[in-house]
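Encoded as structure tokens, the structure appears first; notes follow it.
The values are calculated or read from the model by the stated rules, or taken from the named source; none is laboratory data. Quantities reported herein were computed from a predicted structural model and do not represent experimental measurements. Note that each Cβ is placed from the backbone with ideal geometry, even for glycine, and that neighbours are counted across all protein chains shown.
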Amino acid sequence: MFRPDLSSYDQTRSNGKGKNEQNHIYRELYEVMMRTLLLPLGWLFFAVVALRRALYRFGFFVSVRLPVPVVIVGNITVGGNGKTPLVIWLVEEMMRRGRHPGVISRGYGGAVQGVLEVHDESVAMEVGDEPLLIRRRGRCPVFVGRDRVATGQALLAAYPLCDLIISDDGLQHYRLKREVEIAVEDGRGLENGLPLPAGLLREPLSRLDSVDFLIANGWDGPDDADFNMRIDGDHFYRLDSPDQTCIAMAFAYQRLHAVAGIGNPSRFFLHLIARGLVFEPHAFPDHHPYTAADLAFEGDAILTTEKDAVKFGSLAHLPVWVLPVTATVNPKLAQLILEKIDGCPTA
């Protein structure tokens, strides 16, 4: 049991300071070499992205407008950066303001063919972990599908009282017309600022100039950020008995394992450290499909995120404690969104 040093955390643990420093040098050299080799492909990727967007802008490719306003929550980088907590926050804020939102998503990590509605009892391996979490937390209609236009149309057909569609991701899905675009950026920023596959950018940095709102998650953000978002969570619940809850202090002197398969696992680990917890970290890729072997730890308990917990089932033999988190944003964001879409047709 130890308190992990996450200052250079890269989803692996070092086996000694000297070896770690040597591995770090090799890794840096390898990354520089790979970026150099992949950069021409990256610029080609950006050229294709720009051409595709221009074809939609000038009408060569057709965008489809749904009969209700659409709000896109996305980003210009690959990987998670807080979109899902913001979507849940938006759903709750819109409900408080008398709206009837529905959520559409690609369903990453799932195996959806066509369009599928997400229910509380749905399986994450089929519908995706994030849509299932949004359904359980947001208590609103959630549909998943590769074609977001068809997905939105299916949701509206099933729920005709829905008067607002929130798209979890989809900033680059230009076939779907949108009234509001929100981009989320976390403390990692844009990493090396290079396009895929040399970097993480799905679109050029200049794309942020055209979104309606830029949200900085978990940090002060760039000067042009419109709002800051904070993600907090202090109370755990037991996965197999959700009525059992506790705070971090209850885990004192226990042998703990922290498991995170999200876009930025270190964010979860640092969150636990800030609450005085000592644990062994286990980072997995985003949307990881867990097996019993992944969770075969010796100790007293496993701590994990809500997004990961929806895929655990009964795989772990140790007690699993889940930390729900809630996004906090200035409510003025919801007000400005509604002001922007007031003139749009509603169902």
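Structure summary
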item	result
Subset of the stretch 132-147 that is of a type in the set (D, E, K, R) and either part of a helix (DSSP H, G or I) or not assigned by TED's automatic domain parsing to the domain that holds residue 122 (or both) - its residue that is surrounded by the most Cβ atoms within 10 Å (Cβ to Cβ)	135
Residue list for the stretch 62-108, filter: buried (at least 23 other Cβ atoms within 10 Å of the Cβ) and on the phi > 0 side of the Ramachandran plot	82, 107
Checklist (1) charged (D, E, K, R); (2) surrounded by fewer than 16 Cβ atoms within 10 Å (Cβ to Cβ); (3) in contact (Cβ under 8 Å) with a residue 60 or more places away in the chain; (4) within 24 Å of residue 304 (Cα to Cα) applied to residue 185, failing item	(2)
Residue match in the stretch 203-211 (condition: part of a loop (DSSP other than H, G, I, E, B) and either β-branched (Val, Ile, Thr) or in the same structural domain as residue 308 (by TED's automatic domain parsing) (or both))	yes
Residue within the stretch 73-80 that is over 27 Å from residue 322 (Cα atoms), touching a Lys or Arg at 6+ places or on another chain (Cβ under 6 Å) and assigned by TED's automatic domain parsing to the domain that holds residue 178 present	yes
Sole exception among (1) touching a strand residue (DSSP E or B) at 6+ places or on another chain (Cβ under 8 Å); (2) in a loop (DSSP other than H, G, I, E, B) for residue 102, by number	(2)
For residue 229: the one exception among (1) in a loop (DSSP other than H, G, I, E, B); (2) in contact with a Gly (Cβ under 7 Å, 6 or more places away or on another chain)	(1)
